[in-house]
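Asker: Mind looking over this structure? Questions follow.
The values are calculated or read from the model by the stated rules, or taken from the named source; none is laboratory data. Computed from a predicted model, the values in this text were never measured in an experiment. Here the Cβ positions follow ideal geometry from the backbone for every residue, glycine too, while neighbour counts run over all protein chains shown. We work out accessible area using only protein heavy atoms, side chains counted, and drop any ligands, DNA or RNA first. Shrake-Rupley method; radii C 1.70, N 1.55, O 1.52, S 1.80 Å.
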Amino acid sequence: MADSVRVRQVILNEMLAHARRETRIECCGLLAGRDGVITEIFPATNARSSATAYEIEPRELFELFRYLRKKELTHLGQYHSHLSTENIPSPTDIEQAGYPDQAYFIVSLRADAPNPVRAFSIRDGSVEEIEIIVTRTEK
Ligand SMILES: [Zn+2]
């Protein structure tokens, strides 16, 4: 995938807000948009209800993909939070990554995190950080 991902500021704000609401388990959700710009965020249920792992609830995921098709939106990424660790993909995140062409956003709730939101490409077990380009244009 590309070495950068474009996302609206409001989406990043909502992602952070969702992460801060879920203080006991990792939050997660889906990201979508058009023309390569993430314009929609869909907070989802963490089916694992875990502080160290996540899985978007399968039935919600199914419904979300159906909604994206209906609205002609493109699936561009997913996000989750790390409650107390750095926001880099964990071994579990890497093992379970099933979308080689979409960005994995990770939010860290650590107060000392230099970048509270980072994005990665995870493909065949290899991880590369990708640049987040924030857009304010209402396209
Ligand atoms: Zn993780």
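Asker: Looking at Glu131, Glu95, can you tell me which residue is exposed (fewer than 13 other Cβ atoms within 10 Å of the Cβ) and in contact with an Asp or Glu (Cβ under 7 Å, 6 or more places away or on another chain)?
Answerer: Result: Glu131 is the single residue among Glu131, Glu95 that is exposed (fewer than 13 other Cβ atoms within 10 Å of the Cβ) and in contact with an Asp or Glu (Cβ under 7 Å, 6 or more places away or on another chain).
Conditions tested, residue by residue: (1) among the β-branched types (Val, Ile, Thr); (2) within 16 Å of the ligand (Cβ to nearest atom); (3) in a strand (DSSP E or B); (4) open to solvent by 70 Å² or more (accessible area, probe 1.4 Å).
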{"position": "Glu14", "(1), (2), (3), (4)": "no, no, no, yes"}
{"position": "Arg20", "(1), (2), (3), (4)": "no, no, no, yes"}
{"position": "Glu26", "(1), (2), (3), (4)": "no, yes, no, no"}
{"position": "Gly29", "(1), (2), (3), (4)": "no, yes, yes, no"}
{"position": "Ala32", "(1), (2), (3), (4)": "no, no, yes, no"}
{"position": "Arg48", "(1), (2), (3), (4)": "no, yes, no, yes"}
{"position": "Ala53", "(1), (2), (3), (4)": "no, yes, no, no"}
{"position": "His75", "(1), (2), (3), (4)": "no, no, yes, no"}
{"position": "Asn87", "(1), (2), (3), (4)": "no, yes, no, no"}
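Asker: Could you list, ordered by first residue, the pairs with Cβ atoms under 6 Å in which the first is in segment 95-113 and within 11 Å of Arg123 (Cβ to Cβ) and the second is aromatic (Phe, Trp, Tyr) and within 11 Å of the ligand (Cβ to nearest atom), at least 6 apart or interchain?
Answerer: Partner pairs satisfying both residue conditions: Tyr104/Phe120.
Asker: A further question follows. Could you list, in sequence order, all residues of segment 58-106 that are of a type in the set (Ser, Thr, Tyr) and either touching a Gly at 6+ places or on another chain (Cβ under 6 Å) or within 16 Å of Ala47 (Cα to Cα) (or both)?
Answerer: Selection gives Tyr79, Ser81, Thr92.
Asker: All but one of (1) more than 11 Å from the ligand (Cβ to nearest atom); (2) under 20 Å from Leu12 (Cβ atoms); (3) open to solvent by 30 Å² or more (accessible area, probe 1.4 Å); (4) at pLDDT 95 or above hold for Arg136; state the number of the condition that does not hold.
Answerer: (4)
Asker: Does Leu68 satisfy the condition of being farther than 19 Å from Asp93 by Cα and open to solvent by less than 70 Å² (accessible area, probe 1.4 Å)?
Answerer: Spelling it out, Leu68 is indeed farther than 19 Å from Asp93 by Cα and open to solvent by less than 70 Å² (accessible area, probe 1.4 Å).
Asker: Please go through segment 104-126 and give me each residue that is loosely packed, with under 14 Cβ neighbours inside 10 Å and hydroxyl-bearing (Ser, Thr, Tyr), ordered by number.
Answerer: Selection gives Ser126 alone.
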